[in-house]
1. Can you compute the modelled spin-label distance between Ile10 and Ala81, with each label point 7 Å from Cα toward Cβ, in nm?
2. Report, ordered by chain and residue number, the aspartates and glutamates lying within cross-link reach of Lys174, taken as a straight Cα distance under 20 Å and ignoring same-chain residues fewer than 8 apart.
3. Report the extension gain between Lys93 and Tyr125 in nm, rounded to one decimal, defined as 0.36 nm multiplied by the number of residues separating them, less their alpha carbon distance.
4. Average the reciprocal distances over every distinct pair of alpha-carbons in the stretch 1-152, invert the result, and give the Kirkwood radius in Å.
5. Between Ala216, Asn336, Gly154, whose Cα lies farthest towards the positive end of the dipole of the chain when Lys and Arg beta carbons carry +1 and Asp and Glu beta carbons carry -1, centred on the Cα centre?
6. Rounded to the nearest 0.05, what FRET efficiency do Glu318 and Met1 have when you use their Cβ-Cβ distance and R0 = 51 Å?
7. What list of ³J(HN,Hα) couplings, whole Hz, do you get for the stretch 191-208 from phi and the Karplus terms 6.51, -1.76, 1.60, once you set θ to phi - 60° and write x for glycine and proline?
8. Amide H of Thr306 versus every other amide H placed in the peptide plane: which residues, excluding those fewer than 5 positions away on the same chain, fall under 5 Å?
Amino acid sequence: MNSKLQNNSIKSSIINVILTPFYDFGGRIAIMFTLVLGLSKVAGGEITFGLLLSYLIYTERFYSPLLIMSQLITSMQTSMAALSRIQNLLSIKSKLSWPAKGVLFGDVEKATKKILEIENMSFRYDENTSVLQDVSLTLVKGKKYAFVGPTGGGKSTLAYLCARLFDPSSGKVKLKGVDIRKYNKEQITDTIGFILQEPFLFYGSIAQNIKYGNNAIKDLDDNDLLELLKKEGLDEIIKRFPQGLSTEVSKSSENISLGQKQLIAFVRAVLRKPQLLILDEATANIDTLTEDMLEVIIRNLPKETTLITIAHRLNTIEDADVIFFIGGKKVIQAGNLEQAIKYLDSKN
């Protein structure tokens with residue numbers, strides 16, 4: 001692909017370099033022809049010198065746009081390629097099918113304490129890329145779980161399957177005892193919170209990003225939203241931004257770091273009060289003091305909230321009730337941190 005790009009870039013540069021002098025040369029020839037013919041007409045008394053000067057100006061103006069167009073050909077080709085790419089992206093359709101009504105929550109709030117169940121699940125991105133195979137696990141309400149394992153082992157993929165960003169190739173994922181595919185989008189986003197390692201923020205203010213997709217707070221103004229944040233113990237996070245809730249988020253914003261973006265995503269997820277909260281290396285770009293503050297906020301979540309933490313380091317999941325090792329297409333339950341360390345020692 002790099003070789004093809006190099007060849008096309010060279011061809012484009014050659015064409016661009018040739019066209020500009022070609023149009024410039026054509027314009028000079030036209031001016032010279034007009035000048036020679038015009039002077040002969042002036043000498044013969046057929047036209048005035050002023051009329052000749054007008055023709056020369058018209059000739060120059062006629063070729064100037066052509067010269068500019070020749071210089072813009074490269075930009076136009078780049079824009080056409082970008083337009084084609086945008087059209088391809090807009091034509092992509094989700095492979096997930098969503099029910100219109102979803103499940104009545106009253107029917108699924110049973111005596112069971114299970115928030116999520118995975119039964120004999122396998123997942124592959126394509127026929128040649130199998131990530132997880134015959135995985136089964138159960139998550140209980142109010143417990144803290146951790147997914148650890150090597151890079152590329154399938155930790156984030158398993159979390160995506162729990163949040164139904166993907167559907168399994170085989171097997172089932174049950175949310176509160178019901179197949180997760182029977183819930184609609186609103187029920188999934190209200191029940192499951194997800195904080196990515198590299199969160200996505202929309203252009204606009206921090207307040208708009210926090211309220212996005214949350215029907216309970218979408219109509220609050222900045223003052224009411226700030227009061228809500230104080231009530232939830234999240235206002236200290238907002239104080240870290242130069243203009244508070246009015247701080248603008250954009251591609252060129254140099255006043256918002258990746259760690260601060262993670263903080264905004266954290267606030268956005270916590271305000272939803274999800275029953276299942278997934279943290280995918282959500283504190284990877286946050287300093288130690290801020291991480292301690294977030295841990296306090298996490299500890300103050302409702303007791304019924306189930307927490308899943310994806311981490312590469314065991315010291316970040318010291319308080320996990322159950323640790324799952326993910327790798328080699330398998331998921332192995334290793335118990336708490338002490339049991340997990342013993343398990344690792346036995347493998348070594």
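Every read-out reported here was derived from the displayed coordinates using simple, explicitly stated rules and does not represent laboratory data. Keep in mind that this is a model prediction, so the values were computed, not measured. Positions of Cβ are backbone-derived with ideal geometry, glycine not excepted, and every protein chain shown enters the neighbour counts.
1. It works out to 1.6 nm between the two label points.
2. Asp107, Glu109, Glu117, Glu119, Asp134, Glu186, Asp190, Glu304
3. 9.9 nm
4. Its Kirkwood hydrodynamic radius stands at 24.2 Å.
5. Of the options given, the answer is Gly154.
6. Taking R0 as 51 Å, the efficiency between Glu318 and Met1 is 0.70.
7. Each residue of the stretch 191-208 in turn: 8, 10, x, 9, 10, 7, 5, 10, x, 9, 10, 8, 5, x, 7, 4, 4, 5 Hz.
8. Gly142, Leu276, Leu277
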